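This report refers to the structure that appears directly beneath it.
No lab work stands behind these numbers, since they all come straight from the coordinates. Keep in mind that this is a model prediction, so the values were computed, not measured. Every residue, glycine among them, receives a Cβ derived from its backbone with ideal geometry; neighbour counts consider all protein chains shown.
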Amino acid sequence: MALGSGRLGFETAILVSIRLILILGCRKYVLRTVHSTLKTLSVPHKVHGSEVELGELPLPTTHTPKSAGFSANPIALHSKVSGTVFAWAFAECCMMFALLVLQGMNVFTPRTRLVNWKFSVLSLVGTILVIIPSCISFLLALGGKTESLSIKTSCGPRFLLNSLPIILYFIALSFIPLPEGLTSPDFTTKILSRLIVVGTVVLGLLSGVGAVNNSWTYLPFLAQRSTCPTDSEIQGAEYSLSSVRSDLVQKRKQLAKASSTESQGSWLSRVGTSLRGGDDLSQEIKGLESLEYQMAKNVESLKARKDSLAYGATWQGSIVNLAGRVFAVYCVTRILSCLYNLITLPSQRSKSTLNYSDLLSSALAYGFSHLSSSTIQLEDIASFSRQLSLVLVGLIIVTSVRYVLRGVARVLRISSRSLGASLMMLVLAQIMGIYLLSTVVQMRSSFPPPPEPTDGSQENAVNLFSTIPEYELFGSLFDWTFLLAAFMYALLRWAAEKMNAIGDDI
């Protein structure tokens, strides 16, 4: 017994060392690229070229640094919090895949693999459910303030107000029904199953949006933007945008002058103006800001469209466009496959509750039966097609994550690039963790079982996949959300192109 405990501690120490190496490597190499890329997405448009975000302004010469107990630079704190959480989630994702590989290679004892597997699963679930939402609430409460921080200011009413959606999220998560056919529903399995339900819905929505977006971009019968904008059109759009921005600057100066005059009035008059929503000048400025935003998107779309068509004329662009069209054909095939699964799933469930083939499996089986004389089992083809679909669905999700992160920045209305990049990094870490858990569930039937122990002891030969739910419990949910997202996004995209000739991305 003591020998087994010593071996467990030694092997666990090795895995902990690997985990620390992954965390440090992610912070040193991966985060540097990810954070700089997210900064370009956090603030898509500036109202005026002369405006500079407050987080980038230098400190005055009369600034005296303070050494308070909780004092910190918010910009550095944003990056440290988001970077640490992202690195931790990345390391746990890698550890889960590593433990599955170690199980297949029969490296380390089954008890060591099981203990570290449970720790990685609970750690990743806790990061997704508790740590990341709490960090988002903390960073939103912190904001872009540059003054010294204290416990009172960081844990004040603003933090409690931002924590309210998290509490409501936990309450809503407890009401998610468990899938039918779930065996051994203990506390951990219930939490993991509910999280996988949420993750399946999120991944289905991202996949549906990405499939339609790729199909709309590369398929010729869907893409209607074939003409190349001329330089005069771009210059005309830029001149109109410059005029709107000049008017916006003048109106803001008038509003600032009027506000300084009204500040000398009575308190009752100022409150009355606030309750009425401002004067006509304020409403006019809001209208100009909305117009400036749409015109800026128009100019960017014209330039991007011209650059894309110019790049497509080169041989490198031709190869990229060909690969994009092939991938777009797969996206359309994926939509048809989800529809096929939903139509044929009830009859297949009556035959088996473990495996059912999709459209891609049936097509591969039909092709191999005519091209090869050897007999290939349908289960092997289904396993291969599931792994192939898993990789391609991951590519679809990657193409749609960019639009999701931009939408997060727009909804939160973040004006600081550092804060916006930090928040989007936390959202990206949550999406990455959810995708990994859903991926592991789908890989359950693709991995071989662990080898039999050589000492004849069967009690410790536990398959790591037996601790997670089966993919078949969530397959139809993914298909439904995928089709719903694809249909709704296609409808919105079509309406946007009808109302706007440029057809900006939604």
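Label-to-label distance, T344 versus A76, with points set 7 angstrom from Cα along the beta-carbon direction: 6.0 nm.
Available extension along the chain between S318 and L8 is 106.1 nm, counting 0.36 nm per residue and deducting the alpha carbon span. Computed from label points 7 Å out along Cα-Cβ, the spacing between V332 and I166 is 4.6 nm. Straightening the chain between F487 and D231 buys 88.6 nm, computed as 0.36 nm per residue apart minus the Cα-Cα spacing.
Our coupling estimate for the stretch 239-252, obtained by passing each phi through the Karplus curve with A = 6.51, B = -1.76, C = 1.60 and θ = phi - 60°, is 5, 5, 5, 5, 5, 5, 5, 5, 4, 5, 5, 5, 5, 5 Hz, Gly and Pro reported as x. Sorting the segments 120-128, 208-216 by their residues' average number of neighbouring beta-carbon atoms within 10 angstrom, most packed first, yields 208-216, 120-128.
Each label point was placed 7 Å from the Cα along the Cα-to-Cβ direction; for Y29 and L178 their separation is 4.2 nm. When the pairs K286/K306; K28/K80; K28/K303; K257/K286; K118/K190; K253/K306 are compared against a 24 Å limit on Cα-Cα distance, K286/K306; K28/K303; K253/K306 fall above it.
Computed from backbone phi, the HN-Hα couplings of the stretch 115-127 come to 5, 6, 5, 5, 5, 5, 5, 5, 5, 5, 5, x, 5 Hz, rounded to whole numbers (Karplus: 6.51 cos²θ - 1.76 cosθ + 1.60, θ = phi - 60°; Gly and Pro given as x). Cβ-Cβ distance of T84 and L395, R₀ of 30 Å, FRET efficiency by 1/(1 + (r/R0)^6): the value works out to about 0.60.
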